[in-house]
Amino acid sequence: SVSAAFRDHLRRLGLSLLLLSLSLQNKSHSNARTSPHGGWLGLEAELAGQEEAVQLGEESPEALMELLSDRHSPWALPPDCSPQDQHLREMAVLTPKLVHGSNIFQVFRSLRIVGKGVEEVDEGLLQLQQLEELILSANQISRITSANLPRTLKVLELCCNAVADLQDLCSQPPPELQHLGLGYNRLCGPSQDKYLTADFWPNLVSLDLSFNSFTDLLGLVSQLSSLQKLRVLVLRGNPLALIPTYRGFLVDSLPKLSILDDIHIGPDERHQFHGLARQPELIRSEARVVVSIGEIKGVPDSSAQQQLEVGSEAPVITYSYHVTYEF
């Protein structure tokens, strides 16, 4: 679950050791044992459990800050951590009360859990009441219950998961969400098109649907047109992107769009495709893909074989090859 991955993340940051050091320094073990704010993390209980096993000398905040900045220190920040993680550990030294126990829930504005095998977005996430950005890319999430998402979210990134249905996500979506990333999932149209409207995402500015299985360009555009604040759209990698008039139809159908498939839409391009949205008959449900193979390695060249003399009765060896291209 996200809760379990979050606990592991805090352990990697070494927050429990930092807080334990300060607890030892301030001789406040008893408070850690008896504090009622164990909460989701149970951080006080973890401190109490480590208290007997770890004996740290008394260090000043200045000395601890030096340990954090020294890359050879055992408390050096892991290489894949974010600037917020660094800030969080500095807070643990300079203002430990702000990250002690359940107070830590109020600190996080951004949470990044990538490639941790997360399958479930559980209700524990609701304790992060100030969370604005949630990155859950490259996990194993197939369904998300929106009731478990903080209402303060503005960015939700779910790239490279196994999401095939948006119904649960759209039951109570975060009302202020500005970016929704669903690239590299298993979404298919037209059953999912109906969830991509302003009824669910009234403040959406950026939408990534790349590398899914959307095929109905007309149906999808009719739903996306209700997103009045949408400025960035990514649809590449879907079958509908193979339609010859794909880009021009989108540019003309969504006049407020600024960027399509990571390419800026300029005035010249908008003028070039003007009026295309009123010609849906140009959109055909078929496409042609031309593949050119420039070179094949590892196949013997029969022309290099020694040429037989004219009239020779020696047996002739011929070679033939069958090449299959899969995509």
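Brief remarks on what is shown
- Distance violations [Cα-Cα > 31 Å] among K116/K229; K154/K194; K194/K256: K116/K229
- Among H271, H87, the sequence by solvent-accessible area, most first, with a 1.4 Å probe is H271, H87.
- Residue order for T215, T318 - accessible surface, 1.4 angstrom probe, largest first: T318, T215
- Our summary of shape: the Cα atoms of the stretch 170-216 have principal axis extents of 28, 17, 15 Å, ordered from largest down, in whole angstrom.
- Accessible area (Å², 1.4 Å probe, nearest 10) - Y184: 110 Å²
- The listed residues E62, E120, once ranked by accessible area (1.4 Å probe) with the largest placed first, stand as E62, E120.
- Electrostatic dipole magnitude of the stretch 189-260 [Cβ: Lys, Arg +1; Asp, Glu -1; Cα centre; debye, to 20]: 200 debye
- Coordinate range of the alpha-carbon atoms in the stretch 152-260 per principal axis, descending: 39, 29, 19 Å.
- Gyration tensor verdict on the stretch 142-208 (Cα atoms; rounded if a/c is under 1.5, prolate if a/b is larger than b/c, oblate otherwise): rounded
- V205 sits with roughly 50 Å² accessible to a 1.4 Å probe, with DNA, RNA and ligands left out of the calculation.
- Counting heavy atoms of the protein chains alone, K229 has an accessible area of about 100 Å² for a 1.4 Å probe.
- Each of L242, P173, P255 was placed along the dipole of the stretch 150-261 (beta-carbon charges, centred on the mean Cα), and the one lying farthest toward the positive end is P255.
The values are calculated or read from the model by the stated rules, or taken from the named source; none is laboratory data. This structure is a prediction, so every number in the text was calculated from the model and none was measured. A quick note on method: Cβ atoms are made from the backbone with ideal geometry, for glycine too, and the neighbour counts reach across all protein chains shown. Just so you know, the surface numbers come from the protein's heavy atoms only, side chains and all, with ligands and any DNA or RNA stripped out. Shrake-Rupley method; radii C 1.70, N 1.55, O 1.52, S 1.80 Å.
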